[in-house]
1. Got a sec? Which of Arg123, Arg82 is of a type in the set (D, E, K, R), assigned to a loop (DSSP other than H, G, I, E, B) and more than 16 Å from the ligand (Cβ to nearest atom)?
2. Which residues, taken from the stretch 224-241, are without any contact (Cβ under 8 Å) to a residue 24 or more places away in the chain and open to solvent by 20 Å² or more (accessible area, probe 1.4 Å)?
3. Might you check whether a residue that is of a type in the set (S, T, N, Q), in the same structural domain as Pro201 (by TED's automatic domain parsing), open to solvent by less than 40 Å² (accessible area, probe 1.4 Å) and in a loop (DSSP other than H, G, I, E, B) occurs anywhere in the stretch 171-186?
4. Could you please find all residues in the stretch 151-183 being touching a Pro at 6+ places or on another chain (Cβ under 9 Å) and in contact (Cβ under 8 Å) with a residue 40 or more places away in the chain?
5. For the structure I just gave you, tell me whether Arg189 is open to solvent by 70 Å² or more (accessible area, probe 1.4 Å) and within 11 Å of the ligand (Cβ to nearest atom).
6. What residue, among those in the stretch 201-219 that are out of contact with any Leu (no Cβ under 9 Å at 6 or more places or on another chain) and of a type outside the set (Asp, Glu), is surrounded by the most Cβ atoms within 10 Å (Cβ to Cβ)?
7. Tally time: how many residues in the stretch 135-154 are of a type in the set (Val, Ile, Thr) and under 16 Å from Leu205 (Cβ atoms)?
8. Is it true that some residue in the stretch 45-58 is part of a strand (DSSP E or B), open to solvent by less than 20 Å² (accessible area, probe 1.4 Å) and closer than 24 Å to Met121 by Cα?
Amino acid sequence: MEEWRLQKYLAHSGIASRRAAEDIIAEGRVFVNGKRVTDPATKVTLKDRVTVDGKTVKPTRTKTYIILNKPAQVLSTASDDRGRTCVVDLVDAEGARLYPVGRLDYDTKGIILLTDDGDFMQRITHPKFEMWKTYEAVVKGEPDEETLGMLRAGVELEDGKTLPAEADVVRFKGNNAVVRVKIREGRNRQVRRMLEAVGYPVLDLKRTALGGLELGELRPGKWRHMKHRDFESLFGKNEAKKLGF
Ligand code: URA
């Protein structure tokens, strides 16, 4: 059975943040199986009876879900035998064995999720769910409507034609355009290959959203735990509820 640090157990019970949980424990307000405990590192399992101020508490979630803004030159893997930095190296998961949900190229930046929940990972990456992914690609020049139309209709690639997508020029950077591309597949280097195929090789690529979950203000290399509303943005309110988030 999975063991937890008491502090984490309380944080996942919605009682308090990790920091505040530490204080609550130090104040002697927490009992495990009837015994007062003041060490936040105490290990507990779901079989233990934990009370705070006399009330029983149970963690609502035992899994970890993290949103990270992946910088370029970081691998989206859990480890690398050549010692390169991996997304997992950028977060402090407090003992959870995290895996990236899907992949971004070494040079692609932006939103990536990390979790130890296999079902969650599957729900996002399995092609049958067609999770929308939004990218912003910097290209030289300005793709015209006809070019954008090709991206929208589907582009013939060596592994088959891409599904209909969304494509729009959203702003300019000097002589370059930023093209927002929304796809619901996850083929290898797909956005780079699509733009290359229509004559606009990608100079820089960033994923800005997964479903309706946007990267927002998270700086490159920064991460945070996902909150209730993040799951709702990711899946939509009804679906998030159905999935138990
Ligand atoms: N498409 C790409 O070309 N690269 C990524 O990292 C993700 C999607």
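1. Values: Arg123 fails: assigned to a loop (DSSP other than H, G, I, E, B).
None of the other options fit; the residue is Arg82.
2. Lys227, His228, Arg229, Glu232, Ser233, Lys237, Asn238, Glu239, Lys241
3. No, the stretch 171-186 contains no residue that is of a type in the set (S, T, N, Q), in the same structural domain as Pro201 (by TED's automatic domain parsing), open to solvent by less than 40 Å² (accessible area, probe 1.4 Å) and in a loop (DSSP other than H, G, I, E, B).
4. In the first step, residues of the stretch 151-183 are kept if they are touching a Pro at 6+ places or on another chain (Cβ under 9 Å); the result is 151-154, 167, 169, 177, 179.
Within the stretch 151-183, Leu151, Val179 meet the criteria.
5. On the way: open to solvent by 70 Å² or more (accessible area, probe 1.4 Å): yes; within 11 Å of the ligand (Cβ to nearest atom): yes.
So Arg189 passes the test.
6. Our first condition is that a residue be out of contact with any Leu (no Cβ under 9 Å at 6 or more places or on another chain); within the stretch 201-219, this holds for 203-204, 214-217, 219.
Cutting the leftovers down to of a type outside the set (Asp, Glu) gives us 203, 215-216, 219.
Details: Leu203: 12, Leu215: 21, Gly216: 13, Arg219: 9.
Among those residues, the one meeting the criterion is Leu215.
7. Looking only at the stretch 135-154, we keep the residues that are of a type in the set (Val, Ile, Thr), and these are 138-139, 147.
With under 16 Å from Leu205 (Cβ atoms) added as a condition, the list becomes 138-139.
Number satisfying all stated conditions: 2.
8. So the first thing to find is which residues in the stretch 45-58 are part of a strand (DSSP E or B), and the list is 50-52, 55-56.
Applying the additional criterion that residues be open to solvent by less than 20 Å² (accessible area, probe 1.4 Å) yields 50-52.
Filter once more, so that each one left must be closer than 24 Å to Met121 by Cα: none.
Among the residues of the stretch 45-58, not one is part of a strand (DSSP E or B), open to solvent by less than 20 Å² (accessible area, probe 1.4 Å) and closer than 24 Å to Met121 by Cα, which makes the answer no.
The values are calculated or read from the model by the stated rules, or taken from the named source; none is laboratory data. Keep in mind the model is a prediction, meaning the values are calculated, not measured. Glycine gets a Cβ as well: all are built from the backbone with ideal geometry, and neighbour counts include every protein chain shown. Surface accessibility is based on the protein's heavy atoms, side chains included, excluding ligands, DNA and RNA. Shrake-Rupley method; radii C 1.70, N 1.55, O 1.52, S 1.80 Å.
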